[in-house]
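Student: Just passing along the structure, written as structure tokens.
The values are calculated or read from the model by the stated rules, or taken from the named source; none is laboratory data. All figures in this text were calculated on a predicted structure; none of them were measured in a lab. For neighbour counting, all protein chains shown are included, and Cβ atoms are generated from backbone atoms with ideal geometry for every residue, glycine included.
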């Protein structure tokens with residue numbers, strides 16, 4: 001079952017500025033979906049539409065199989081969210097901030113301490129949230145989003161302002177939420193490296209269009225397909241001729257012979273051919289683009 | 001039930017906020033000034049406190065400034081500060097992703113502003129009483145006020161003055177929901193109030209909704225000879241209804257919610 005499904009979601013801020021163009025987002029239940037794209041790609045606009053913060057202009061939004069327009073309150077009861085900068089009442093303490101929402105969600109009073117402990121803010125006491133660091137505010141926002149034990153968590157760039165340790169903690173927390181509570185998580189970021197260790201599925205958006213949507217392993221397969229295999233040999237010219245005979249395109253690289261798009265079997269076969277034709281092979285090395293590179297390639301293409 | 005929960009949630013937000021401090025300071029400002037004046041004129045106090053109409057004198061002195069200036073300006077500021085709690089803390093987007101109807105959110109916040117206005121009236125009346133009593137406790141020569149408090153009349157006037165401020169509450173709420181910049185509703189509010197104050201003696205001055213309290217007070221006290229085409233409270237209620245409906249419609253049709 002899909003937690004979120006959008007069809008043909010299109011949004012314009014003016015007649016000349018189309019921010020989203022036919023977005024078909026599919027977030028499967030119980031998975032972590034990384035929504036990637038550079039700044040200004042349309043990530044936040046998409047998330048704001050999904051949460052009903054922006055009036056929908058065209059397309060369909062279904063959450064938990066229900067239409068957002070007709071079942072807004074019922075749907076929002078099961079969603080926790082953090083959109084852009086933290087929404088924290090600076091003149092209130094962390095516990096008071098949570099009480100504001102606990103009243104609305106009707107969650108038990110004990111849940112306030114539970115979520116504060118969960119995000120590591122259990123000891124903040126009477127300190128006003130306005131005096132918190134950005135990282136602490138971010139964690140308090142996550143606590144607010146988790147207060148009512150949502151089925152779906154929508155997080156827009158939640159690691160903004162967090163130090164490396166904070167990012168690791170956040171990653172662990174989100175993994176735990178998925179594993180232990182089965183929460184579906186939609187998390188946006190402009191850095192693949194930041195969420196590649198966390199997500200199951202990836203959607204890449206650029207200039208208001210989805211350029212890639214699939215599992216992380218599908219994206220990784222793309223990475224393998226575009227990786228280079230470099231051969232260091234005793235005779236590059238002879239090796240190049242052998243490659244040409246087998247119609248393998250070569251790219252010379254730092255005194256080595258490099259080619260792309262080879263799987264492991266093809267590499268072994270080429271190695272055998274070279275040895276049989278009297279060329280000594282000193283080293284074979286796979287030069288993989290990192291996922292960030294693939295992400296940028298997808299965007300550029 | 002959802003409205004009550006929403007109201008409770010909104011009420012929590014005003015805790016320790018600037019708006020809640022303004023309510024206290026604004027309500028007690030005039031009584032405090034009156035106390036200073038009474039203490040300054042110490043030698044005249046025994047005579048004043050012996051008067052039968054002592055409470056009416058204190059009441060009149062306090063309400064004149066309150067109706068004409070302090071109440072309208074205080075409301076303009078307080079309503080702006082209540083909605084700024086959301087703007088300043090990026091709160092609108094979180095509020096609008098809670099499982100509440102938009103109508104509930106609109107009226108729960110409005111109800112908080114209403115209750116805060118009631119707090120002003122309560123504190124102000126209490127402040128006037130305490131200030132009236134303090135000199136008699138401080139000085140042996142000053143007796144407890146001789147005249148009785150005309151509770152019925154004061155209550156009736158309080159109700160009238162409260163109705164008179166409703167157009168300010170509703171129009172300021174409308175403006176504050178539409179403009180993120182605090183200065184816009186503040187500037188517009190001051191402009192409307194100032195226009196009314198300048199044209200107070202004009203025969204159509206009642207058309208300016210922010211001076212209804214002032215007009216009611218000075219026409220009622222015989223300080224201004226102005227013929228009103230209708231009961232000023234009725235006019236206040238008409239303005240209030242119109243501004244509330246307009247504010248609600250504009251809020252409901254907003255394209256962006258935080």
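Student: In the stretch A:240-251, how many residues are closer than 16 Å to residue A:281 by Cβ and either touching a residue at least 12 places away in the same chain (Cβ under 8 Å) or out of contact with any strand residue (DSSP E or B) (no Cβ under 8 Å at 6 or more places or on another chain) (or both)? Steps first, answer last, please.
Tutor: Step one: filter the stretch A:240-251 for residues closer than 16 Å to residue A:281 by Cβ, giving A:240-243, A:246, A:248, A:250.
Going one step further and asking which of them are either touching a residue at least 12 places away in the same chain (Cβ under 8 Å) or out of contact with any strand residue (DSSP E or B) (no Cβ under 8 Å at 6 or more places or on another chain) (or both), we end up with A:240-243, A:246, A:248.
Of the residues in that region, 6 qualify.
Student: Can you find a residue that is free of Cβ contacts under 8 Å to residues at least 24 places away in the same chain, within 10 Å of chain B (Cβ to nearest Cβ) and on the phi < 0 side of the Ramachandran plot anywhere in the stretch A:9-28? Outline the logic, then answer.
Tutor: Our first condition is that a residue be free of Cβ contacts under 8 Å to residues at least 24 places away in the same chain; within the stretch A:9-28, this holds for A:13-17.
Next, only the ones that are within 10 Å of chain B (Cβ to nearest Cβ) stay: A:13.
Going one step further and asking which of them are on the phi < 0 side of the Ramachandran plot, we end up with A:13.
Yes, some residue in the stretch A:9-28 is free of Cβ contacts under 8 Å to residues at least 24 places away in the same chain, within 10 Å of chain B (Cβ to nearest Cβ) and on the phi < 0 side of the Ramachandran plot.
Student: For the stretch A:49-73, how many residues meet the condition of being in contact (Cβ under 8 Å) with a residue 12 or more places away in the chain, assigned to a helix (DSSP H, G or I) and either more than 15 Å from residue A:26 (Cα to Cα) or facing another protein chain (nearest Cβ under 8 Å) (or both)?
Tutor: The initial filter retains those residues of the stretch A:49-73 that are in contact (Cβ under 8 Å) with a residue 12 or more places away in the chain, namely A:49-54, A:56-65, A:68-69, A:72.
Next, from what is left, pick out any that are assigned to a helix (DSSP H, G or I): A:49-50, A:72.
Within this subset, residues satisfying the condition of being either more than 15 Å from residue A:26 (Cα to Cα) or facing another protein chain (nearest Cβ under 8 Å) (or both) are A:72.
Residues in the stretch A:49-73 being in contact (Cβ under 8 Å) with a residue 12 or more places away in the chain, assigned to a helix (DSSP H, G or I) and either more than 15 Å from residue A:26 (Cα to Cα) or facing another protein chain (nearest Cβ under 8 Å) (or both): 1 in total.
Student: Out of curiosity, is residue A:115 buried (at least 18 other Cβ atoms within 10 Å of the Cβ) and facing another protein chain (nearest Cβ under 9 Å)? So that I can check it myself, show each step before the final result.
Tutor: On the way: buried (at least 18 other Cβ atoms within 10 Å of the Cβ): yes; facing another protein chain (nearest Cβ under 9 Å): no.
In short, no.
Student: Within the stretch A:259-284, which residues are assigned to a strand (DSSP E or B), modelled with pLDDT of 80 or more and surrounded by 12 or more Cβ atoms within 10 Å (Cβ to Cβ)?
Tutor: Keep residues of the stretch A:259-284 that are assigned to a strand (DSSP E or B), which gives A:259-260, A:281-284.
Right, trim to modelled with pLDDT of 80 or more and you get A:259, A:281-284.
Scanning the stretch A:259-284 gives A:259, A:281, A:284.
Student: Can you name the number of the only condition in (1) in contact with a strand residue (DSSP E or B) (Cβ under 9 Å, 6 or more places away or on another chain); (2) surrounded by fewer than 17 Cβ atoms within 10 Å (Cβ to Cβ); (3) away from chain B (no Cβ under 11 Å) that residue A:165 fails?
Tutor: The failed condition is (1).
Student: Hey, can you tell me all the residues within the stretch A:74-86 that are within 8 Å of chain B (Cβ to nearest Cβ) and touching a helix residue (DSSP H, G or I) at 6+ places or on another chain (Cβ under 9 Å)?
Tutor: A:77, A:79, A:81, A:83, A:84, A:85, A:86
Student: Which fully enclosed strands (runs of 3 or more DSSP E) of the stretch A:1-46 have 1 or more residues being touching a helix residue (DSSP H, G or I) at 6+ places or on another chain (Cβ under 7 Å)? It would help to see each step written out before you state the result.
Tutor: Details: elements: A:2-14, A:17-23, A:26-28, A:32-36.
Filter on the stretch A:1-46 gives A:2-14, A:17-23, A:32-36.
Student: Looking at (1) farther than 23 Å from residue A:178 by Cβ; (2) surrounded by fewer than 20 Cβ atoms within 10 Å (Cβ to Cβ); (3) out of contact with any strand residue (DSSP E or B) (no Cβ under 7 Å at 6 or more places or on another chain), which one does residue A:126 not meet, given that it meets all the others?
Tutor: For residue A:126, the failing item is (3).
Student: Return yes or no: is residue B:30 more than 14 Å from every other protein chain (Cβ to nearest Cβ), part of a helix (DSSP H, G or I) and either at pLDDT 95 or above or crowded, with 17+ Cβ neighbours inside 10 Å (or both)? Steps first, answer last, please.
Tutor: On the way: more than 14 Å from every other protein chain (Cβ to nearest Cβ): yes; part of a helix (DSSP H, G or I): yes; either at pLDDT 95 or above or crowded, with 17+ Cβ neighbours inside 10 Å (or both): yes.
Yes, satisfied.
Student: With the structure loaded, tell me whether residue A:5 is touching a strand residue (DSSP E or B) at 6+ places or on another chain (Cβ under 9 Å), surrounded by fewer than 22 Cβ atoms within 10 Å (Cβ to Cβ), away from chain B (no Cβ under 14 Å) and within 18 Å of residue A:183 (Cβ to Cβ) or whether it fails that test. Lay out the reasoning, then the answer.
Tutor: On the way: touching a strand residue (DSSP E or B) at 6+ places or on another chain (Cβ under 9 Å): yes; surrounded by fewer than 22 Cβ atoms within 10 Å (Cβ to Cβ): yes; away from chain B (no Cβ under 14 Å): yes; within 18 Å of residue A:183 (Cβ to Cβ): yes.
Yes: the conditions hold for residue A:5.
Student: For residue B:12, all conditions in the list (1) touching a helix residue (DSSP H, G or I) at 6+ places or on another chain (Cβ under 8 Å); (2) touching a residue at least 40 places away in the same chain (Cβ under 8 Å) hold save one; what is the number of the exception?
Tutor: (2) is the only condition that residue B:12 fails.
To keep it simple, each residue is scored yes or no on (1) more than 13 Å from chain A (Cβ to nearest Cβ); (2) at positive phi; (3) over 24 Å from the mean Cα position of the chain (by Cα).
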residue	(1), (2), (3)
B:48	yes, no, yes
B:57	yes, no, no
B:61	yes, no, no
B:81	no, no, no
B:95	no, no, yes
B:126	yes, no, no
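Student: So residue A:9 ticks every box in (1) modelled with pLDDT under 95; (2) farther than 28 Å from residue A:148 by Cα; (3) under 23 Å from the mean Cα position of the chain (by Cα) but one. Which box is left unticked?
Tutor: For residue A:9, the failing item is (1).
Student: Filter the stretch A:136-162 for residues that are farther than 25 Å from residue A:64 by Cα and within 14 Å of chain B (Cβ to nearest Cβ); which is surrounded by the most Cβ atoms within 10 Å (Cβ to Cβ)?
Tutor: Quick first cut of the stretch A:136-162, residues farther than 25 Å from residue A:64 by Cα only: A:136-140, A:159-162.
This time we only want the ones that are within 14 Å of chain B (Cβ to nearest Cβ), so: A:137-138, A:140, A:160-161.
Values: A:137: 24, A:138: 25, A:140: 27, A:160: 16, A:161: 15.
So the residue we want is A:140.
Student: Let me ask something else about it. Pick out, from the stretch A:198-258, the strands (runs of 3 or more DSSP E) lying fully within it that include 2 or more residues that are buried (at least 16 other Cβ atoms within 10 Å of the Cβ). Steps first, please.
Tutor: Details: elements: A:201-206, A:209-215, A:228-233, A:251-253.
In the stretch A:198-258, the matching strands (runs of 3 or more DSSP E) lie at A:201-206, A:209-215, A:228-233.
Student: Count, please, the residues in the stretch B:5-19 that happen to be facing chain A (nearest Cβ under 7 Å) and outside any helix (DSSP H, G or I). Steps first, please.
Tutor: Let us first name the residues in the stretch B:5-19 that are facing chain A (nearest Cβ under 7 Å), namely B:5-6, B:8-9, B:12-13, B:15-17.
Filter again for outside any helix (DSSP H, G or I), leaving B:15-17.
Summing the residues that are facing chain A (nearest Cβ under 7 Å) and outside any helix (DSSP H, G or I) in the stretch B:5-19 gives 3.
Student: Considering only residues that are within 13 Å of chain B (Cβ to nearest Cβ) and closer than 26 Å to residue A:115 by Cβ, look in the stretch A:38-48 and name the one that is surrounded by the fewest Cβ atoms within 10 Å (Cβ to Cβ).
Tutor: Taking the stretch A:38-48 as the starting set, the residues that turn out to be within 13 Å of chain B (Cβ to nearest Cβ) are A:44-45, A:47-48.
From what's left, closer than 26 Å to residue A:115 by Cβ: A:44, A:47-48.
Numbers: A:44: 20, A:47: 25, A:48: 24.
Result: A:44.
Student: Return the residues of the stretch A:87-101 that are more than 7 Å from chain B (Cβ to nearest Cβ) and surrounded by fewer than 24 Cβ atoms within 10 Å (Cβ to Cβ); say none if nothing qualifies.
Tutor: As a first pass, look at the stretch A:87-101 and keep what is more than 7 Å from chain B (Cβ to nearest Cβ): A:93-95, A:97-98.
If the condition is that a residue be more than 7 Å from chain B (Cβ to nearest Cβ) and surrounded by fewer than 24 Cβ atoms within 10 Å (Cβ to Cβ), then A:93, A:95 are the ones that fit.
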